[in-house]
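Novice: My questions will all concern the structure given below.
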Amino acid sequence: MKIFALLRCPANLNSHTSLSKRLTGCIVCVLIGLVAVLEPLSAEDWKIGTSRVDITPTEPVRLSGYAARLKPSEGTDSSLYVRSLYLEHKQGPPLLIVSLDAIGISASMTEEIGRAIESEFGLVRSQVVLCTTHAHTAPHLEGVLTNLFADPLSPKERDTSKLYTDRLVASTLQAIRESIKNVQPGMVSMSQDQADVAINRRVIQSGRWANFGETPGGPVDRRVRVLSATNQAGELIAIAYQYACHCTSISPERNRVSSDWAGLAAEMLEKEHAGVVALPIIGTGADSNPNPRGEYSHAQMHAKSLFDAVTRAIKNEQQQLAAPTQTSFSYAGLEFDRPNSSQLKAQLEDPNKHIQNRARGLLETLKVKDRIPESYPAPIHFWAFGDQLAWVFLGGEVVVDYQIRLERELSQFAEVWVAAYVDDVFAYVSSERLRREGGYEVDGSMIYYNQPGPWVSGTEEKLIKAVLDLQKQTRDLQRPLDSDQALKSIQVPAGYRVERVAAEPLIMDPINIAFGADGKVWVLEMPDYPNGGERSGRVICLEDTDHDGVLDSSKPFLSDLPFVSGVYAWRDGIVVACAPEVFFARDTNGD
């Protein structure tokens, strides 16, 4: 755009100016414009805010990740934190990256945090990613890995877990608020290096999964992807680093709170660079383990490897990050291969208590709802920075095949980063290759996540298609269209047109409409769906009082209708469906 603006300059020259002078002016302007385009971004292009809040439990808690632990934690090896990085470019939408030293996060926790952020700052779901390190030495959280323990938690343990989960949500919001409040101008860059920590953990024999182990030739992604931010003085203020590997350095026998290699590396970076906030992000490493593993010293060793790789990356040649050009969010409905009631009843006799627990819960669901859940909404974020970087964030424990596949599918981007354990850690997400091989990531893990069964064949294609569909979006689906935009977006066959009958503020939460012979328009409003609440349903009557063909009057006709669902204009009133009743209502005296 700078080039085009400058090219207009010669047109403003005096009409007697010679052609050669005009051409010279054009060439000079083009060169000036190119210089402007090729100039590095100025520090003022980005605003950067950071924050770190301690979330280390203050009392013994049940740790998550391993079913073998049977009692509360016995001390703390390293602190846990929630870290927040707010990025705002003058030419793109604001972005918020949150990193939690936690086993995961539930959909309900994410929704609670999301509602608060949107209400306070106007940031919608597509602009916010809640990343977790999946540390197996962090507290058990309400709503995550709900069938991890064979025996139920004691009432005290349940209360402690609930209190910690509530504290985690509150601390996350505190960190977000602080990072948005404390912004400063600066520069954002990207770079990468490598760390030889991860190893494929799936032992395959004759094409089938045999056990956990070390498979040096198996697929793994050892790249360390780094986003770094500096202030106007060139001082480092934030580092986000992504690596695809499990946080399982420490064996379950060491029943102590720790952030494992991911969080320990962050603390090393923060100690090395005063004032820096370092955010660990886990990539598609669900089928990779750190190697070696078992001791706390191994976690420290792997943290040092990540520290060294990040340090090299920020010293290497870095690319200045382009402005964000797209932030999209959606869900992919991943389908289960579900058991039937006979299979579930047989599982009640299984010697494995986890299998019994899942079967009992699913049978209860079948009894109450007459069906077992058919699918699960897997959250997906797609962020693009021109054609420089596509950053994909996926919920669940995602295997490395998705990084490999998406790099191929999104080859128009110079870099493709795929993060996992984001927004909702609901289960493993295996690929079609893993499904053929079978094993823990495919089926056994679904027991601990309390999911009905493994994903059906075709899940990989569905998830990849959902990502590619997001990439093609031309607008943010998290932000509603106004009525004028909505009218323009509707496509109808030739010879038809769409006209606006009514829109906010005349109506709110409409679900049904009926046109009366007298010109009145009846609308059902259902603000209480699906959870009920103080704002129950009502019927309103719309009229065109000045006879210009546009509805301009809205009057309530019936109120306090729980889950009202249907209306029909009949004679001098309306027929209303409000289960379990269907009734006729009219106004005989105009009040």
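Novice: If we keep just the residues of the stretch 27-67 that are of a type in the set (A, V, I, L, M, F, W, C) and modelled with pLDDT of 95 or more, which is most open to solvent (accessible area, probe 1.4 Å)?
Specialist: Of everything passing the filter in the stretch 27-67, A67 is most open to solvent (accessible area, probe 1.4 Å).
Novice: Can you pull out the residues in the stretch 438-497 that are under 30 Å from N200 (Cβ atoms) and of a type in the set (A, V, I, L, M)?
Specialist: Residues satisfying the conditions are V442, M446, I447, V456, L463, I464, A466, V467, L468, L470.
Novice: Another question about this same structure. Considering only residues that are assigned to a helix (DSSP H, G or I), open to solvent by less than 20 Å² (accessible area, probe 1.4 Å) and of a type in the set (V, I, T), which ones fall in the stretch 152-194?
Specialist: Selection gives T160, T165, V169, T172, I176.
Novice: Assuming G122 fulfils every condition listed in (1) surrounded by fewer than 16 Cβ atoms within 10 Å (Cβ to Cβ); (2) at negative phi apart from one, which condition is it?
Specialist: (2)
Novice: Continuing with the same structure: Regarding L80, is this residue within 19 Å of the chain's Cα centre (by Cα) and farther than 26 Å from Q184 by Cβ?
Specialist: Numbers: within 19 Å of the chain's Cα centre (by Cα): no; farther than 26 Å from Q184 by Cβ: yes.
Criteria not met by L80.
Novice: Here's something else I'd like to know. Output the number of residues of the stretch 446-489 satisfying the condition of being surrounded by 19 or more Cβ atoms within 10 Å (Cβ to Cβ), in a loop (DSSP other than H, G, I, E, B) and not polar (S, T, N, Q).
Specialist: 3
Novice: Still on this structure, please answer the following. Can you say whether S536 is at pLDDT below 95, touching a strand residue (DSSP E or B) at 6+ places or on another chain (Cβ under 6 Å) and of a type in the set (S, T, Y), as far as the supplied structure shows?
Specialist: The answer is yes for S536.
Novice: I'd like to verify a number: residues in the stretch 537-566 that are under 41 Å from the mean Cα position of the chain (by Cα), more than 16 Å from A585 (Cβ to Cβ) and of a type in the set (S, T, Y), how many?
Specialist: 1
Novice: Would you pick out the residues in the stretch 496-532 that are open to solvent by 90 Å² or more (accessible area, probe 1.4 Å) and part of a loop (DSSP other than H, G, I, E, B)? Show your work before the answer.
Specialist: Going residue by residue through the stretch 496-532, those that are open to solvent by 90 Å² or more (accessible area, probe 1.4 Å) are 496-497, 499-500, 504-505, 515, 517-518, 529, 531.
Matches in the stretch 496-532: Y496, R497, E499, R500, E504, P505, A517, D518, Y529, N531.
Novice: Taking strands (runs of 3 or more DSSP E) that do not extend beyond the stretch 195-268, which have at least 1 residues that are more than 30 Å from L148 (Cβ to Cβ) and open to solvent by 30 Å² or more (accessible area, probe 1.4 Å)?
Specialist: Where strands (runs of 3 or more DSSP E) fall fully within the stretch 195-268 and carry at least 1 residues being more than 30 Å from L148 (Cβ to Cβ) and open to solvent by 30 Å² or more (accessible area, probe 1.4 Å), they are 223-231, 236-243.
Per-residue answers, yes or no, for (1) outside any strand (DSSP E or B); (2) under 27 Å from R62 (Cβ atoms); (3) more than 15 Å from the chain's Cα centre (by Cα); (4) of a type outside the set (S, T, N, Q):
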{"position": "Y86", "(1), (2), (3), (4)": "no, no, yes, yes"}
{"position": "Q91", "(1), (2), (3), (4)": "yes, no, yes, no"}
{"position": "G104", "(1), (2), (3), (4)": "yes, yes, no, yes"}
{"position": "H136", "(1), (2), (3), (4)": "yes, yes, yes, yes"}
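Novice: A follow-up question, please. Filter the stretch 69-92 down to the residues that are at pLDDT 95 or above and open to solvent by 20 Å² or more (accessible area, probe 1.4 Å) and list them by number. Before you say what the answer is, go through the steps one by one.
Specialist: To start, the set of residues in the stretch 69-92 that are at pLDDT 95 or above comprises 69-89.
Once the filter is applied, which keeps residues that are at pLDDT 95 or above and open to solvent by 20 Å² or more (accessible area, probe 1.4 Å), the stretch 69-92 yields L70, K71, P72, E74, G75, T76, D77, S79, Y81, E88.
Novice: Out of A313, A309, A323, A303, report the one residue that is open to solvent by less than 50 Å² (accessible area, probe 1.4 Å), more than 25 Å from I282 (Cβ to Cβ) and within 27 Å of the chain's Cα centre (by Cα).
Specialist: Among A313, A309, A323, A303, only A323 is open to solvent by less than 50 Å² (accessible area, probe 1.4 Å), more than 25 Å from I282 (Cβ to Cβ) and within 27 Å of the chain's Cα centre (by Cα).
Novice: Further, regarding this structure: Give the residue, chosen from F557, F563, that is on the phi > 0 side of the Ramachandran plot, in contact with an Asp or Glu (Cβ under 8 Å, 6 or more places away or on another chain) and surrounded by 12 or more Cβ atoms within 10 Å (Cβ to Cβ).
Specialist: From the options F557, F563, the qualifying one is F563.
Novice: Now for a different question. From the set of residues in the stretch 106-124 that are of a type in the set (S, T, N, Q) and closer than 19 Å to I281 by Cα, which is nearest to the chain's Cα centre (by Cα)?
Specialist: Checking each candidate, the answer is T110.
Novice: Collect the residues in the stretch 385-423 that are touching a residue at least 12 places away in the same chain (Cβ under 8 Å), farther than 21 Å from P324 by Cβ and open to solvent by 10 Å² or more (accessible area, probe 1.4 Å), keeping them in residue-number order.
Specialist: D401, I404, R405
Novice: Which of the strands (runs of 3 or more DSSP E) contained wholly in the stretch 273-379 include at least 2 residues that are among the polar types (S, T, N, Q) and under 30 Å from V203 (Cα atoms)?
Specialist: Qualifying strands (runs of 3 or more DSSP E): 288-290.
Novice: So which pairs qualify, if the first residue must be in the stretch 49-65 and assigned to a loop (DSSP other than H, G, I, E, B), the second must be open to solvent by 70 Å² or more (accessible area, probe 1.4 Å) and at pLDDT 95 or above, the Cβ gap must be under 8 Å, and the two must be at least 6 apart or on different chains?
Specialist: These pairs meet every condition: I55/R167; P60/E74; R62/K71.
Novice: Same structure again: Here is a check on your reading of the model: is L410 more than 16 Å from the chain's Cα centre (by Cα) and modelled with pLDDT of 95 or more?
Specialist: Yes.
The values are calculated or read from the model by the stated rules, or taken from the named source; none is laboratory data. Owing to the predicted nature of the structure, the values given are computational and were not obtained by experimental measurement. Glycine also receives a Cβ, built like all others from the backbone with ideal geometry; neighbour counts cover every protein chain displayed. Just so you know, the surface numbers come from the protein's heavy atoms only, side chains and all, with ligands and any DNA or RNA stripped out. Shrake-Rupley method; radii C 1.70, N 1.55, O 1.52, S 1.80 Å.
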